[in-house]
1. Taking segment 12-35 as the search range and keeping residues that are touching a strand residue (DSSP E or B) at 6+ places or on another chain (Cβ under 9 Å) and assigned to a loop (DSSP other than H, G, I, E, B), which one is surrounded by the most Cβ atoms within 10 Å (Cβ to Cβ)?
2. Given the structure, is residue 132 within 17 Å of the chain's Cα centre (by Cα) and at pLDDT below 95?
3. Mind listing just one residue for me: the one in segment 62-84 that is more than 23 Å from residue 14 (Cα to Cα) and in a strand (DSSP E or B) and, of those, farthest from the chain's Cα centre (by Cα)?
4. Just one of (1) more than 18 Å from residue 139 (Cβ to Cβ); (2) in a loop (DSSP other than H, G, I, E, B) trips up residue 112, so point out which.
5. Would you point out which residue out of 133, 100, 122 is closer than 25 Å to residue 62 by Cα, in contact (Cβ under 8 Å) with a residue 60 or more places away in the chain and not in a helix (DSSP H, G or I)?
6. Within segment 36-47, is even one residue surrounded by fewer than 19 Cβ atoms within 10 Å (Cβ to Cβ) and modelled with pLDDT of 90 or more?
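The values are calculated or read from the model by the stated rules, or taken from the named source; none is laboratory data. Given the structure is predicted, the values throughout are model-derived calculations rather than measurements. Every residue, glycine as well, gets a Cβ built from its backbone with ideal geometry; the counts of neighbours run over all protein chains shown.
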């Protein structure tokens, strides 16, 4: 299963978009606080649409609380400081719990966490003068790569909602 870990996200719009993408991937979102917004339907409804109540997500008051819940999690930290592109990593083991951690929009993942996990830092390749991507876009890029490497196991590759004769 894909687990998306958000370290102190700051923008409800990004979090709503991520919950929507996670729902499409059948992924679980772990939100580490404290937050600057309420993690409720009113704050997230514009971007998450009607997917929010269907999304699998858990809120943790702190990074320590998350670590207590998942002490042996297989976590990969997506950061501009990574030296290995995310696409070079083998995420193909179906059924394995891959945790992908993304930092806050303004400051990323704390450097102490990154320093303690240097061998698990992955990077999204970007143009030289680019600092970062939008958080929701970064999550979608990496999470869908994990799904692609697993041949989109459990995901529909055909239109199922509107029907075959819609077009």
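1. Selected residue: 27.
2. Working: within 17 Å of the chain's Cα centre (by Cα): yes; at pLDDT below 95: yes.
Judged against the criteria, residue 132 is a match.
3. Here is the first cut: in segment 62-84, the ones more than 23 Å from residue 14 (Cα to Cα) are 64, 67-74, 83-84.
Cutting the leftovers down to in a strand (DSSP E or B) gives us 74, 84.
Numbers: 74: 14, 84: 18 Å.
Selected residue: 84.
4. (2)
5. Working: 133 fails: in contact (Cβ under 8 Å) with a residue 60 or more places away in the chain; 122 fails: in contact (Cβ under 8 Å) with a residue 60 or more places away in the chain.
Going through 133, 100, 122 in turn, just one is closer than 25 Å to residue 62 by Cα, in contact (Cβ under 8 Å) with a residue 60 or more places away in the chain and not in a helix (DSSP H, G or I): 100.
6. As a first pass, look at segment 36-47 and keep what is surrounded by fewer than 19 Cβ atoms within 10 Å (Cβ to Cβ): 36-43, 45-46.
Still in the running and modelled with pLDDT of 90 or more: none.
Checking segment 36-47: not a single residue is surrounded by fewer than 19 Cβ atoms within 10 Å (Cβ to Cβ) and modelled with pLDDT of 90 or more.
A quick yes/no check of all residues on (1) in contact with a helix residue (DSSP H, G or I) (Cβ under 8 Å, 6 or more places away or on another chain); (2) within 17 Å of residue 4 (Cα to Cα); (3) surrounded by 17 or more Cβ atoms within 10 Å (Cβ to Cβ):
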site	(1), (2), (3)
63	yes, yes, yes
74	no, yes, no
112	no, no, no
116	no, no, no
119	no, no, no
136	yes, yes, yes
139	yes, yes, yes
142	yes, yes, yes
147	yes, yes, yes
